[in-house]
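These notes concern the structure reproduced below.
The values are calculated or read from the model by the stated rules, or taken from the named source; none is laboratory data. Worth saying up front: this structure is predicted, and the values here are computed from it rather than measured. Please note: Cβ atoms are built from the backbone with ideal geometry, for glycine as well, and neighbour counts cover all protein chains shown. With ligands, DNA and RNA removed, areas are computed over all heavy atoms of the protein, side chains included. Shrake-Rupley method; radii C 1.70, N 1.55, O 1.52, S 1.80 Å.
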Amino acid sequence: MKQTPAATRIFQYSARFWFTVTYLGQLIFAYYILMLYWTSTALGEFENWNKVNPHFYRKDDLTGNIFFASHVVLAAIVTILGPLQLVNGIRSKWPRLHRVCGRIYIYSAFLISAAGLYLALVRGAVGGPFSTATVSINGAIIMLCAFFCVRYARQRNIPLHNRWAIHLLIAMSGVWFFRVFFMLWMVIFRAPVGFDPETFTGPFLYVLDVFVYIFPQAIVVLYFKAKFSAGSFKKYLFSCLLLIITLATAVGIFGAAGGMWLPKL
Ligand code: HEM
């Protein structure tokens, strides 16, 4: 199928629609992190971390608590900053701001992953060994993408820098995808189907781990294939796929905000 302006436009609109819905959802997550973790950490009310899980603040584990505090402090920063780095208008109007925020984002990506790896490997992630392994893989993917993103920026190879920046944003969004698609499942079934709510283990959660931490990287590859395809077919196909993902994401955000984040504040 020959490339038509309509295909390019639909492809761009579907990408912008996904980005807008996702960023709005990430801002709600950031609001939750600021109100729950930043506030309680600043006030020294560390027991409030345990509103989410009774093991987040442990009186006998100072090192673990410091890693947890650093992790959630950085979590709000990267969630707010990350998507803004991809906005063309900001990049071209304020290139210096893009570079400064980019440095903060990249350092934070390494630090949040290092703290996350400590929490996962030393304390153990909620959900047992499989979740520990997959979230650790997510941490490794983040570091790899951050490395290539910086490398190509330094080489002034902007197309490759942009490509790795998108891979990085998607890897950094893995934990957010987990919460959103978990709540989408709960909105659909209104019951813990496919997992044990006590131990937070079970087949659904294992599939979800792979679905949110690894599979989105393949979607990014498909995005670039469609973007640079000479014809229209791949652009239309990818736009349909992205529209379905965006609608599912919107329902998941609604579930996560109403059922997971805002009730904790
Ligand atoms: C880069 C983006 C990330 C953000 C925004 C983020 C955010 C958070 C937040 C807000 C919490 C507290 C739990 C909650 O209130 O939902 C948390 C806990 C945790 N995070 Fe992260 N995180 C990120 C990356 C990672 C990575 C890469 C790893 C692993 C390598 C990781 C491992 C953990 C672990 C183990 C916990 C303790 C709770 C659990 O076991 O699920 N995080 N994270």
From the option list Trp185, Trp176, Trp164, single residue qualifying as surrounded by 17 or more Cβ atoms within 10 Å (Cβ to Cβ) and touching a Cys at 6+ places or on another chain (Cβ under 6 Å) is Trp164
Scanning the stretch 115-171 residue by residue, those β-branched (Val, Ile, Thr) and touching a residue at least 12 places away in the same chain (Cβ under 8 Å) turn out to be Val122, Val126, Thr132, Thr134, Val135, Ile137, Ile141, Ile142, Val150, Ile166, Ile170
For the stretch 191-206, indicate whether the set of residues that are closer than 30 Å to His98 by Cβ, open to solvent by 50 Å² or more (accessible area, probe 1.4 Å) and not hydroxyl-bearing (Ser, Thr, Tyr) is non-empty.
no
Residue under question is Leu27, and the condition is that it be under 18 Å from Phe181 (Cα atoms), surrounded by fewer than 18 Cβ atoms within 10 Å (Cβ to Cβ) and aliphatic (A, V, I, L, M); does it hold? yes
For the stretch 185-214, pairs from a residue that is among the aromatic types (Phe, Trp, Tyr) to a residue that is modelled with pLDDT under 95 and not in a loop (DSSP other than H, G, I, E, B), with Cβ under 6 Å and 6 or more apart or across chains, are none
Filter the stretch 101-126 for residues that are open to solvent by 70 Å² or more (accessible area, probe 1.4 Å) and over 19 Å from the mean Cα position of the chain (by Cα); the one that is farthest from Phe148 (Cα to Cα) is Val122
* In the stretch 76-98, is there at least one residue being in contact with a Gly (Cβ under 8 Å, 6 or more places away or on another chain) and over 21 Å from Lys264 (Cβ atoms)? -> yes
Of the residues in the stretch 138-166 that are charged (D, E, K, R) and at negative phi, the one that is farthest from the ligand (Cβ to nearest atom) is Arg154
Output for Cβ contacts, cut-off 9 Å, separation at least six or different chains, first residue under 21 Å from Gly258 (Cα atoms) in the stretch 8-36, second within 12 Å of the ligand (Cβ to nearest atom) and charged (D, E, K, R), reads Phe29/Arg179; Tyr32/Lys264; Met35/Lys264; Leu36/Lys51; Leu36/Lys264
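Every residue, every condition in (1) touching a helix residue (DSSP H, G or I) at 6+ places or on another chain (Cβ under 8 Å); (2) hydrophobic (A, V, I, L, M, F, W, C), yes or no:
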site	(1), (2)
Gly25	yes, no
Ile28	yes, yes
Tyr37	yes, no
Ser40	yes, no
Gly44	no, no
Val52	yes, yes
His55	yes, no
Leu62	no, yes
Asn65	yes, no
Going through the stretch 247-265 in order, the residues found to be open to solvent by less than 40 Å² (accessible area, probe 1.4 Å), farther than 20 Å from Ala191 by Cβ and within 12 Å of the ligand (Cβ to nearest atom) are Trp261
Residue pairs qualifying under the 9 Å Cβ cut-off, at least six apart or on distinct chains, with the first in the stretch 44-60 being closer than 19 Å to Thr199 by Cα and the second being at pLDDT below 95 and outside any helix (DSSP H, G or I), are Asn53/Val126; His55/Val126
